[in-house]
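The values are calculated or read from the model by the stated rules, or taken from the named source; none is laboratory data. This structure is a prediction, so every number in the text was calculated from the model and none was measured. For neighbour counting, all protein chains shown are included, and Cβ atoms are generated from backbone atoms with ideal geometry for every residue, glycine included. These accessible areas exclude ligands, DNA and RNA; they are computed on the full protein's heavy atoms, side chains included. Shrake-Rupley method; radii C 1.70, N 1.55, O 1.52, S 1.80 Å.
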Amino acid sequence: MQRDGNMIKDLIVKNRSCRRFHQALTVDRQALRELIELARLSPSAANLQPLKFMLSCEPETNALIFSHLVWAGYLKDWTGPAEGERPSAYIIILGDTQIAKSFGCDHGIAAQSILLGATERGWAGCIIGTIEREKLRKALNIPSRCEILLVLALGKPAETVVLETVGADGDIQYWRDEDGVHHVPKRVLDDIIID
Ligand SMILES: Cc1cc2nc3c(=O)[nH]c(=O)nc-3n(C[C@H](O)[C@H](O)[C@H](O)COP(=O)(O)O)c2cc1C
């Protein structure tokens, strides 16, 4: 079948994890709500829809959230974005245990929907799974019935990210070059398809 355009592929390629932002360029609450609308419309196991979302686009809550996140584990000499390059907004994805006991991959799907929407708007983001969960819960008074699943960092991108191919050595670790460009190796198609 003849296909015109690569809209989805282009968006997926553009949607790279970004960890440095133009912090001063703010993101408003209404825009965050529009991104969560994309998660609302996404698939959910047994259609239980157990995810809940907390938004932050104010400097005070942003700072609280930032202090409980772990950035780019493979970049050993970088502890995360400096003041001025931090995310302008966050979406915290929670799992409501009164609706489901486990959340399968619902939060991964929701995260990708939100990030694709953000990318379409010219923003960028990063999924953060390494979180000081109990400290974050206390800081934001997150109800005990909600599990903290993921934090999405969002903002206007201030770094360049390029895709590479995993080499013969099989090394999948991302790296940053002397110009600050972030490189992300991806396995080649034939290596991920099992015939
Ligand atoms: C479930 C999940 C958890 C992640 N947790 C973190 C994290 O805690 N800190 C971080 O800097 N990046 C985190 N990432 C981003 C990955 O490092 C990133 O997706 C990977 O390096 C590939 O880069 P790409 O997203 O541009 O393809 C996470 C990604 C996923 C999917």
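Who wins for biggest fluctuation among Tyr174, Tyr74, Tyr90 in a Gaussian network model of the chain, springs between alpha carbons below 10 Å? Residue with maximal mean-square fluctuation among Tyr174, Tyr74, Tyr90: Tyr74. Structure remark: mean-square fluctuation, Gaussian network model of the chain, C-alpha springs under 10 Å; the largest value among Ala45, Ala153, Ala110 belongs to Ala45.
Summing charges over all other residues whose Cβ lies under 11 Å from the Cβ of Glu58, with Lys and Arg as +1 and Asp and Glu as -1, gives -1.
A crude spin-label estimate for the pair Glu134 and Glu83, with each label 7 Å from Cα along the Cβ direction, gives 3.0 nm. How would you classify the range 1-123 from its alpha-carbon gyration tensor, with a ≥ b ≥ c the square roots of the eigenvalues: rounded for a/c under 1.5, else prolate if a/b is greater than b/c, otherwise oblate? Here the range 1-123 falls in the oblate category. Determine the per residue accessible area of the chain with all protein chains present and a 1.4 angstrom probe, expressed in square angstrom. Using a 1.4 Å probe on heavy atoms only, each residue of the chain averages 59 Å². With helices as the sole contributors, the chain gives -8000 deg cm²/dmol at 222 nm; each DSSP H run of n ≥ 4 counts as -39500 (n - 2.57), and the sum is divided by every residue. Mean projected area of the convex hull spanned by the Cα atoms of the range 74-133, taken over all viewing directions: 5.9 nm². Per-residue accessible area (protein heavy atoms, 1.4 Å probe) orders Val162, Val70 as Val70, Val162, starting from the largest. Placing unit charges on the Cβ atoms only, positive for Lys and Arg and negative for Asp and Glu, gives the chain a dipole magnitude near 740 debye about its Cα centre.
Pair-distance distribution P(r) for the range 69-195, from all Cα-Cα distances in 10 Å bins starting at 0: 10, 33, 36, 18, 3 percent. For Gly180, the shell of other residues with beta-carbons less than 9 Å away shows a net charge of -2, using +1 for Lys and Arg and -1 for Asp and Glu.
Between Thr160 and Ala45, the distance separating the two model label sites (each 7 Å from Cα on the Cα→Cβ line) works out to 4.1 nm.
Peptides 175-181, 98-104, ordered by how many other C-beta atoms sit within 10 Å of their residues on average, highest first, read 98-104, 175-181.
Accessible area per residue (1.4 Å probe, heavy atoms of protein chains only) ranks Arg187, Arg29, Arg16 as Arg187, Arg29, Arg16, with the largest value leading. Taking a virtual spin label 7 Å from the Cα of Asp28 along the C-beta vector, which residues in the range 137-161 bring their backbone nitrogen under 17 Å of it? Label zone hits: 155-156. May I ask for the net charge around Ile12, where only other residues with Cβ less than 14 Å from the Cβ of Ile12 are counted and Lys, Arg are +1 while Asp, Glu are -1? Combined, the nearby Lys, Arg, Asp and Glu give +2. Model label sites at Asp190 and Thr97, defined 7 Å from Cα along the beta-carbon direction, differ in position by 4.8 nm.
Carbon and sulfur together cover what percent of the accessible area of the chain at a 1.4 Å probe radius? Summing carbon and sulfur atoms, their accessible area is 53 percent of the total for the chain.
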